[in-house]
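Worksheet: one structure, shown below.
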Amino acid sequence: MSTSTLLNSLFRHKAWANEELYAEVAKLDPATQQAERHSAIRLLNHIFVVDRIFRAHLAGEAHGYAGANTPETPTLDELRAAVAATDRWYVDYTSGVPADRLAEAIDFTFTDGLHGRMTREEMLAHVITHGSYHRGGVGRILAQAGVQPPRDIYTVFLHRAEPQRREPA
């Protein structure tokens, strides 16, 4: 599997995991589990903002964020739609980015004002690992609130996306 194929598979997994997770967060009752729901949405929004910041770096655009989260908290439905669109962008990007571009280093400024330099491939790896780490935190919030978190595991995604992988060779 080539790097770009692997990255594309990882971003398809991320999109799938986000869909699964948002469906479970929606089960948190806004009246009786308001604090848990708010914490989960803030953490999901943080993932989204970082995804958008790095999307802008990859595209050579300004991101417009002053920090790694926003002062306001979007609704779950607003965030879900925005995340789905961003996930589609990453899936499309990784399906067509040439391998030689992945090694290209990009200079940028972090939201704290400090300089950074990463290759495109490193940025994509960061987006994957950052999102996975924080989805785990949201899963913990769900579990503590009595909602079973989804199995955000790459092998589960692969076998659901390609059930023939479960068959012997």
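Some observations on this one:
- Positions within the stretch 67-82 being assigned to a helix (DSSP H, G or I) and either modelled with pLDDT under 95 or more than 28 Å from A105 (Cα to Cα) (or both), in sequence order: L76, D77, E78, L79, R80, A81
- Taking the criterion of being of a type in the set (D, E, K, R) and either buried (at least 21 other Cβ atoms within 10 Å of the Cβ) or outside any loop (DSSP other than H, G, I, E, B) (or both), the residues of the stretch 1-56 that qualify are R12, K14, E19, E20, E24, E36, R37, R42, D51, R52, R55.
- Residues satisfying the stated conditions in the stretch 108-120, i.e. surrounded by fewer than 16 Cβ atoms within 10 Å (Cβ to Cβ) and touching a His at 6+ places or on another chain (Cβ under 7 Å): T109
- Restricting the first member to the stretch 132-143 and to residues that are modelled with pLDDT of 95 or more, and the second to residues that are charged (D, E, K, R) and in a helix (DSSP H, G or I), the beta-carbon pairs closer than 6 Å and six or more apart or on different chains are I141/E36; L142/E24.
- For the stretch 83-103, a residue qualifies if it is loosely packed, with under 13 Cβ neighbours inside 10 Å, modelled with pLDDT of 95 or more and either farther than 13 Å from R52 by Cβ or among the basic types (K, R) (or both), and the qualifying residues are R88, D92, A103.
- Exclusive hit being closer than 15 Å to F110 by Cβ, surrounded by fewer than 17 Cβ atoms within 10 Å (Cβ to Cβ), free of Cβ contacts under 8 Å to residues at least 60 places away in the same chain and among the small types (G, A, S), set G60, G64: G64
- Residues located in the stretch 42-53, provided they are touching a helix residue (DSSP H, G or I) at 6+ places or on another chain (Cβ under 8 Å) and farther than 16 Å from R135 by Cβ: R52
- Test: residue in the stretch 121-144 that is in contact with a strand residue (DSSP E or B) (Cβ under 9 Å, 6 or more places away or on another chain) and surrounded by fewer than 13 Cβ atoms within 10 Å (Cβ to Cβ): no
- Residues that are within 21 Å of L6 (Cα to Cα) and of a type outside the set (A, V, I, L, M, F, W, C) within the stretch 103-122 comprise E104, T119, R120, E121, E122, listed in sequence order.
- Those residues of the stretch 145-159 which are under 18 Å from Y22 (Cα atoms) and surrounded by fewer than 14 Cβ atoms within 10 Å (Cβ to Cβ), in sequence order: G146, Q148, R151, I153
- With respect to the conditions (1) free of Cβ contacts under 8 Å to residues at least 60 places away in the same chain; (2) in contact with a helix residue (DSSP H, G or I) (Cβ under 7 Å, 6 or more places away or on another chain), F11 falls short on a single one, namely (1).
The values are calculated or read from the model by the stated rules, or taken from the named source; none is laboratory data. This is a predicted model, so every value here is computed, not measured. Don't worry about glycine lacking a Cβ; one is built from the backbone with ideal geometry, like all the others, and counts go over all protein chains shown.
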